[in-house]
Amino acid sequence: MKRNRKTAGIFLFVAMLLAMIIAPAIVRGNNAIADSTATTGIAGSGTATIESAEFVIGMNQYFINNQTPGISMDAAAYIDPTSGRTLVPVRYLADALGATTNWDGTTHTVTVTTTVYTIQLVIGSARLTVDGQAQTMDAAPVINNGRTYLPARWVAQAMGYDVDWDAANKIVVIYPMSSIGEPAYNFVIAQAQQNAAKPDQVQKLESALGVTMTGSAASGGWDYNPELNADGSPNSAFIAQNMSNSFVVVGYGSSDDEVDVAIKCTSMVGNLSTVANVDIGPLQKVLEAFLPGQDADIQQLMAYAQECANYKTHGGNLPPALRMTINGMTVAVGQGNGTTFAGLEILGG
């Protein structure tokens, strides 16, 4: 397995690394980094030091020291379809590695602080600074479905960690540079292989959106709906935090090979015009995943999705759905029910 090391300058700090990875164990709640907030990372394993942290593409858990079950996240690592790089939710990467994060909503800057380093990144910029010294990454941090994502390899290595990529199982393995070789993570591999048993369409949706869908191969139904808890009850914490923001809901049915994606507001909002931040970007991510190279068609569908969202936010009448046949698939964009700004349906994906 290929291993990438940080530049020589970072190695000067390896002797100080152990001071960074001593942290108490607390499992953090599902709160996204918001404007003008700071979070303090904690090693989630309950051990004095971490031997490894593993992030599996498409899973809403991360793992510490090859221990299962993992620690829950409200987002999942995914592979950016443009850069091909693995992006990890900043909050949970920091938690796993014992760092402190701060989000400046005015400048869109993420600051990751350890006892050794201060690392800064700006959303959409490939520039990374470590203790004031700039580097150029091959991927930029992004905001995806209300969560801040950072390039896993660059940030972890800037914090003094080695990073390996298990391509067969789609696992990012992070471990201290001071350790001797890559640690075992066989239990995490078993979890990843179970996740890989999901239908291709589900894996494609999870990778594009950075979410984890739940369901079963037996029933053929898979869903992601952050409004609901695992038992189907309302997720009151998520609802309270997203009264002014849209979010994505995803479904897939294997019986009819149908993908459904909706940009919604919380059901507690009676008037859609009260939702200040409407982001239809997830629809484009799904279209790009299912319709690679069809840029003109995607642009037309997204323009219509924006019209749908505008009708909702301005209290207008519902426009009819736009339907197209592309590469043998039926693709439709419309509005859906009363809490949906814009919806996407793909048949035969």
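The values are calculated or read from the model by the stated rules, or taken from the named source; none is laboratory data. Quick caveat, the model's predicted, so the values are computed rather than measured. Cβ: placed from backbone, ideal geometry, glycine included. Neighbour counts: every protein chain shown.
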The stretch 54-93: number of residues that are at pLDDT 90 or above and on the phi > 0 side of the Ramachandran plot
2
Could you please tell me which pairs satisfy a Cβ distance under 8 Å, a separation of 6+ or placement on different chains, a first residue in the stretch 244-265 that is more than 12 Å from residue 225 (Cα to Cα) and crowded, with 21+ Cβ neighbours inside 10 Å, and a second residue that is modelled with pLDDT under 90 and among the polar types (S, T, N, Q)?
246/277
Output for the stretch 168-197, where each listed residue is free of Cβ contacts under 8 Å to residues at least 60 places away in the same chain and either within 30 Å of residue 216 (Cβ to Cβ) or out of contact with any strand residue (DSSP E or B) (no Cβ under 9 Å at 6 or more places or on another chain) (or both)
168, 180, 189, 193, 194, 196, 197
For the stretch 129-138, give me the residue count where each residue is in a strand (DSSP E or B) and surrounded by 13 or more Cβ atoms within 10 Å (Cβ to Cβ).
3
Out of the stretch 91-114, which residues are in a loop (DSSP other than H, G, I, E, B) and within 14 Å of residue 161 (Cβ to Cβ)?
98, 99, 114
Filter result for the condition that a residue is of a type in the set (Ser, Thr, Tyr) and modelled with pLDDT under 90, over 311, 304, 252
311
Against the definition (aromatic (Phe, Trp, Tyr), over 24 Å from residue 277 (Cβ atoms) and in contact (Cβ under 8 Å) with a residue 24 or more places away in the chain), how does residue 117 come out, yes or no?
yes
Do you know which residues across the stretch 108-128 are farther than 15 Å from residue 90 by Cβ and surrounded by fewer than 17 Cβ atoms within 10 Å (Cβ to Cβ)?
115, 126, 127
Would you check which residues across the stretch 169-199 are more than 21 Å from residue 69 (Cα to Cα) and either buried (at least 23 other Cβ atoms within 10 Å of the Cβ) or at pLDDT 85 or above (or both) and list them?
176, 177, 199
